[in-house]
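The values are calculated or read from the model by the stated rules, or taken from the named source; none is laboratory data. Since we're looking at a predicted model, the values are computed, not measured. In this analysis, Cβ positions are derived from the backbone assuming ideal geometry, glycine residues included, and neighbour counts consider all displayed protein chains.
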Amino acid sequence: MSTMDAYKAELAGYLEGFAENVRRLRAAKAPGFSQERLSSVTRLHRTEIGKIEQGHVEPRLTTLVILAQGLGVTVDELVAGLPVPEERKPSPQARRFLAEGG
């Protein structure tokens with residue numbers, strides 16, 4: 001597996017774990033605390049929340065803080081149980097080198 005493939009696989013798993021945390025914390029907030037309600041509280045678009053809960057996007061730092069505040073939790077609670085990623089995204093120079101057979 002290439003370095004880029006390993007990075008993408010680890011990132012996908014990381015985002016799915018984060019998505020599970022957000023869904024769990026939202027569900028624990030109150031009965032009926034929907035994505036729509038979270039959207040209203042945070043002023044984040046509902047589709048953005050949906051993409052986060054599906055593990056399709058990597059949220060920005062400001063989005064993490066907004067989500068934590070809207071859910072009444074800490075950023076630590078949003079990322080609880082997620083391992084520190086081992087793979088790092090290869091730099092453009094490294095990708096060129098790898099593409100050239102290096």
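Tell me the helices (runs of 4 or more DSSP H) entirely within segment 59-102 that contain at least 1 residues that are out of contact with any helix residue (DSSP H, G or I) (no Cβ under 8 Å at 6 or more places or on another chain), exposed (fewer than 14 other Cβ atoms within 10 Å of the Cβ) and modelled with pLDDT of 95 or more.
Once the helices (runs of 4 or more DSSP H) in segment 59-102 are filtered for at least 1 residues that are out of contact with any helix residue (DSSP H, G or I) (no Cβ under 8 Å at 6 or more places or on another chain), exposed (fewer than 14 other Cβ atoms within 10 Å of the Cβ) and modelled with pLDDT of 95 or more, what remains is 61-71, 75-78.
Remark: pairs (first residue in segment 62-83, among the polar types (S, T, N, Q); second residue surrounded by 15 or more Cβ atoms within 10 Å (Cβ to Cβ); Cβ separation under 7 Å; 6+ apart in sequence or on different chains) = 63/44; 74/68.
With respect to the conditions (1) loosely packed, with under 13 Cβ neighbours inside 10 Å; (2) on the phi < 0 side of the Ramachandran plot; (3) of a type outside the set (D, E, K, R); (4) in a loop (DSSP other than H, G, I, E, B), residue 44 falls short on a single one, namely (1).
Applying a threshold of 6 Å to beta carbon distances and a minimum spacing of six or more residues, or different chains, the list of pairs starting in segment 87-98 at a residue that is closer than 19 Å to residue 9 by Cα and ending at one that is at pLDDT 70 or above and surrounded by 11 or more Cβ atoms within 10 Å (Cβ to Cβ) reads 87/6; 87/7; 87/10; 89/7; 90/3; 90/4. Test residue 3 against the criterion of being among the hydroxyl-bearing types (Ser, Thr, Tyr), out of contact with any strand residue (DSSP E or B) (no Cβ under 6 Å at 6 or more places or on another chain) and either without any contact (Cβ under 8 Å) to a residue 12 or more places away in the chain or surrounded by fewer than 16 Cβ atoms within 10 Å (Cβ to Cβ) (or both), and give yes or no. For residue 3, the condition - among the hydroxyl-bearing types (Ser, Thr, Tyr), out of contact with any strand residue (DSSP E or B) (no Cβ under 6 Å at 6 or more places or on another chain) and either without any contact (Cβ under 8 Å) to a residue 12 or more places away in the chain or surrounded by fewer than 16 Cβ atoms within 10 Å (Cβ to Cβ) (or both) - is met.
Pairs linking a residue in segment 9-37 that is at positive phi to a residue that is of a type in the set (Asp, Glu) and outside any helix (DSSP H, G or I), with Cβ atoms under 6 Å and 6 or more positions apart or on different chains, do not occur. The residues of segment 44-102 that are polar (S, T, N, Q), closer than 17 Å to residue 20 by Cα and over 13 Å from the mean Cα position of the chain (by Cα), listed by number, are 47, 74.
Do the conditions hold for residue 33, that is, is it aromatic (Phe, Trp, Tyr), out of contact with any Gly (no Cβ under 7 Å at 6 or more places or on another chain) and not in a loop (DSSP other than H, G, I, E, B)?
No: the conditions fail for residue 33.
In the set 46, 24, which member is touching an Asp or Glu at 6+ places or on another chain (Cβ under 7 Å) and modelled with pLDDT of 95 or more?
46
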